[in-house]
1. Of all beta bridges DSSP finds with both residues in the chain, what is the antiparallel percent, to the nearest 5?
2. Relative contact order, percent, of the stretch 176-312 when contacts are C-alpha pairs under 8 Å separated by at least 6 residues?
3. Which links in K24/K229; K24/K99; K306/K331; K229/K340; K99/K229 stretch past 32 Å when you go from one Cα to the other?
4. Between N31 and K340, how many nm apart are label points set 7 Å from Cα along the C-beta direction?
5. Just from its helices, what would the mean residue ellipticity at 222 nm be for the chain, if runs of 4 or more DSSP H residues each count -39500 (n - 2.57) and the sum is divided by every residue, rounded to the nearest 500 deg cm²/dmol?
6. Among 79-85, 300-306, how do they line up from the highest to the lowest mean number of other beta-carbon atoms within 10 Å?
7. What residue among R20, R258, R281 shows peak mean-square fluctuation when the chain is described by a Gaussian network model with Cα springs under 10 Å?
8. Which aspartates and glutamates have a Cα lying under 12 Å from the Cα of K363, excluding residues fewer than 8 positions away in the same chain?
Amino acid sequence: MRKPTPRSPVLPWTKPPRERTPMKALVHDGNGNIALQERPQPTLQLPTDAIVRVTRSTICTSDLHIMRGAVPHAVPDTVLGHEFVGVVEEVSADVTRFKPGDRVAVNCETFCGTCFFCQRGWVNNCEQGGWELGCRIDGCQAEFVRVPFADNAFTRIPDSVSDEDALFLGDILATGWWGARLAEIEEGSSVAVIGAGPVGLTTMMCARLANPGSIIAIECDPHRAELAKRLGLADRIIDGSAPLDEIERAVQDLTEGRGADSVIEAAGGDATFEMAWRIARPNAVVVISAMYEHDQALPLPRMYGKNLVFKTGGVDASGLDEVMALIESGKIDTSCLISKRYPLNDILEAYRAFEAREDDCLKVVITPWE
Ligand SMILES: NC(=O)c1ccc[n+]([C@@H]2O[C@H](COP(=O)([O-])OP(=O)(O)OC[C@H]3O[C@@H](n4cnc5c(N)ncnc54)[C@H](O)[C@@H]3O)[C@@H](O)[C@H]2O)c1
Ligand SMILES: [Zn+2]
Ligand SMILES: [Zn+2]
């Protein structure tokens with residue numbers, strides 16, 4: 001009998017290590033200064049990590065809050081940015097759902113998926129995470145980024161969805177989705193959204209899916225208010241720069257004298273917290289999506305008898321496959337938010353134009369380093 005030929009051992013295939021040339025990254029110092037620096041490329045650190053090559057990122061208004069030193073838990077000298085899509089470059093041993101080469105949208109929140117809070121969907125308060133990327137650990141305004149708990153953080157981008165169509169999923173679209181869900185919108189009800197900035201507009205997009213009777217947008221920037229109307233996101237618009245009494249009356253006139261059934265505050269202005277509870281009808285739900293730079297007063301004696309439910313805080317950005325499916329089917333389209341594109345080389349200019357709302361800028365897209 002012939003002896004079987006010995007087979008050469010099958011060695012596990014390992015990807016050759018990436019060349020780790022320094023990368024470009026936008027870093028803030030916690031004192032209002034940002035700078036484009038050279039940083040080492042991130043490496044895998046934990047078994048649940050992945051490295052993503054950023055193909056599109058963007059600037060969020062929350063980055064401006066960090067830059068101004070108004071986010072207490074933000075860590076200086078961190079790479080900014082938490083809203084992005086990219087291609088998976090490397091994965092650690094415990095990442096099972098994704099592999100190098102996959103196109104992914106990344107949640108702005110890091111979450112373990114198993115702790116007390118994660119089990120209830122409250123991933124913003126994950127005991128091992130929360131808003132980490134671009135806040136407490138290096139974020140996405142760079143060429144590469146390390147993403148912890150990658151299996152939870154990623155949403156696969158279908159072939160038919162472009163990077164730009166998926167770009168806002170992990171942050172402002174997740175926030176719009178979350179805010180609209182928290183607002184307990186009933187079919188035929190009235191929803192008031194304060195602010196028609198990027199978050200206000202995604203909120204209206206998601207609120208619309210619940211089939212309310214009317215969406216009232218309150219906004220002081222006439223271009224943004226008009227846009228909300230033109231896109232069919234708002235049915236009625238109210239000038240947010242009018243005196244509060246007038247705004248309150250205008251909402252009452254549109255809601256049979258009662259006030260709005262649901263209010264979502266997505267402006268974060270000086271007077272918009274007070275506006276939110278004043279335009280709400282008794283027993284309404286008031287959702288605070290905006291991030292304030294100053295404390296707000298809760299004047300309970302003046303509110304007495306209104307019996308409001310307030311829901312506050314940072315988005316619980318999870319369960320986003322459902323929202324990706326809405327993008328894929330064309331039911332949600334955020335392309336209207338994109339005003340300008342800049343390569344990473346020009347990100348300082350992009351910050352300037354975004355913060356100044358130059359040429360009615362809503363969102364800027366950061367393309368890779370050229
Ligand atoms: N909850 C979250 O997890 C989460 C996620 C993303 C962003 N945010 C926050 O949401 C807020 C909105 O984000 P954005 O990118 O849309 O910001 P933005 O500043 O572009 O939009 C806010 C809008 O509110 C309008 N506004 C200001 N004062 C007003 C007033 N008195 N009446 C009516 N409208 C008024 C502004 O004109 C502006 O268009 C920011 O504070 C941001 O940090 C929160
Ligand atoms: Zn954000
Ligand atoms: Zn957790």
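No lab work stands behind these numbers, since they all come straight from the coordinates. Fair warning: this is a prediction, and the values are worked out from it, not measured in the lab. Virtual Cβ from ideal backbone geometry, glycine too; neighbours counted across all protein chains shown.
1. Of those bridges, close to 50 percent are antiparallel.
2. Contact order relative to length: 23 percent.
3. Listed pairs above 32 Å: K24/K229; K306/K331; K99/K229.
4. Between N31 and K340, the label points sit 2.8 nm apart.
5. Mean residue ellipticity, 222 nm, calculated: -6000 deg cm²/dmol.
6. With the highest mean Cβ count within 10 Å placed first, the list reads 79-85, 300-306.
7. Result: R20 has the largest fluctuation of those listed.
8. Hits, sequence-local ones excluded: E83, E164, E355.
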